[in-house]
Amino acid sequence: MAAKVKIMIDMMGMTDHLLICAGETEALGKLAERAGQAAAWGPPAAGPPRAAAAAPPAAVTAPAAPAAAAELYPAAVACGACGLEIELPSPGNWKCPRCEVVLAARADGSVSFSLPDRRPPLELVLWGAPEAVEGLKRFAAAVAERVLGNGQAAALLAAAVEEVARGIVHHAYHDDATRIFQVAIEPGEAEVQVQLADHGSTLDSSQLASYFPTASSRLAAFECRPHPRGGNVIRMVARA
Ligand SMILES: [Zn+2]
């Protein structure tokens with residue numbers, strides 16, 4: 001470590017909080033030592049974060065616990081929707097604490113999940129940073145390519161989403177890129193719907209073709225209406 005940096009650390013009174021090593025090898029050795037002492041050190045384990053103990057579910061109906069079930073419960077099961085490990089105290093209907101899917105646990109130990117037919121839309125809250133608009137465009141393209149195939153329809157939707165996001169920042173927010181807008185992307189059977197909602201100036205409905213030339217003319221559906229509480233809701237649908 002450079003002597004000047006060491007002096008600065010001393011000046012800030014940080015010496016007690018920092019472990020200073022002579023080189024990379026020693027530092028890695030110390031980290032490995034600590035990893036042995038506390039699991040919190042070192043890189044996180046692969047996969048989504050999990051509670052240390054199985055998560056307790058929420059009761060949906062008052063569980064009945066016949067005597068036969070006593071040996072089988074509490075039982076740990078993996079949620080059929082999100083994979084979270086849930087500890088079921090007794091038979092009954094329970095809700096996964098992470099994704100809220102409802103599951104029925106029976107006295108014989110079997111568990112069934114009532115998975116929803118329709119998934120909720122993919123939702124984002126963004127502000128008008130260029131990287132956010134670019135990221136939204138790629139996200140819409142990824143969803144559209146999976147549903148519509150890697151062709152013209154997906155490329156068109158991505159271009160339309162980018163056009164509308166830029167248009168909202170420019171026309172509804174007057175280039176104030178710090179204002180936020182909401183996006184909901186709904187993949188369907190053979191179509192993808194994208195909705196953007198802002199809280200800016202209501203857009204002039206006679207100007208939509210010039211604000212959004214691609215989105216307003218080339219998609220399967222395009223609609224821009226004033227939001228009841230101010231701003232606009234723009235809905236777009238692309239089909240294969
Ligand atoms: Zn779940």
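Of the conditions (1) in contact (Cβ under 8 Å) with a residue 24 or more places away in the chain; (2) over 19 Å from Leu136 (Cβ atoms), Ile234 fails just one. Which one is it?
(2)
Go through the range 153-237 and tell me which strands (runs of 3 or more DSSP E), entirely inside it, have 1 or more residues that are of a type in the set (Phe, Trp, Tyr) and either assigned by TED's automatic domain parsing to the domain that holds Glu134 or modelled with pLDDT of 95 or more (or both).
180-187, 221-226
Any residue at all in the range 102-111 that is of a type in the set (Ser, Thr, Tyr), assigned to a loop (DSSP other than H, G, I, E, B) and either within 16 Å of the ligand (Cβ to nearest atom) or farther than 20 Å from Ala154 by Cβ (or both)?
First, pick out the residues of the range 102-111 that are of a type in the set (Ser, Thr, Tyr): 110.
Within this subset, residues satisfying the condition of being assigned to a loop (DSSP other than H, G, I, E, B) are 110.
Next cut, either within 16 Å of the ligand (Cβ to nearest atom) or farther than 20 Å from Ala154 by Cβ (or both) only: 110.
Yes.
Filter the range 112-125 down to residues that are in contact with a strand residue (DSSP E or B) (Cβ under 6 Å, 6 or more places away or on another chain) and either more than 16 Å from the ligand (Cβ to nearest atom) or of a type in the set (Lys, Arg) (or both), then give me how many there are.
Looking only at the range 112-125, we keep the residues that are in contact with a strand residue (DSSP E or B) (Cβ under 6 Å, 6 or more places away or on another chain), and these are 112-114, 121-125.
Among the residues that remain, those that are also either more than 16 Å from the ligand (Cβ to nearest atom) or of a type in the set (Lys, Arg) (or both) are: 121-125.
Number of matching residues: 5.
Which residue, of Gly83, Gly109, is surrounded by fewer than 16 Cβ atoms within 10 Å (Cβ to Cβ) and in contact with a Leu (Cβ under 7 Å, 6 or more places away or on another chain)?
Gly109
The values are calculated or read from the model by the stated rules, or taken from the named source; none is laboratory data. Not measured: the values here are computed from a predicted model. Quick reminder, even Gly has a Cβ in these numbers, built from the backbone with ideal geometry, and neighbours come from all protein chains shown.
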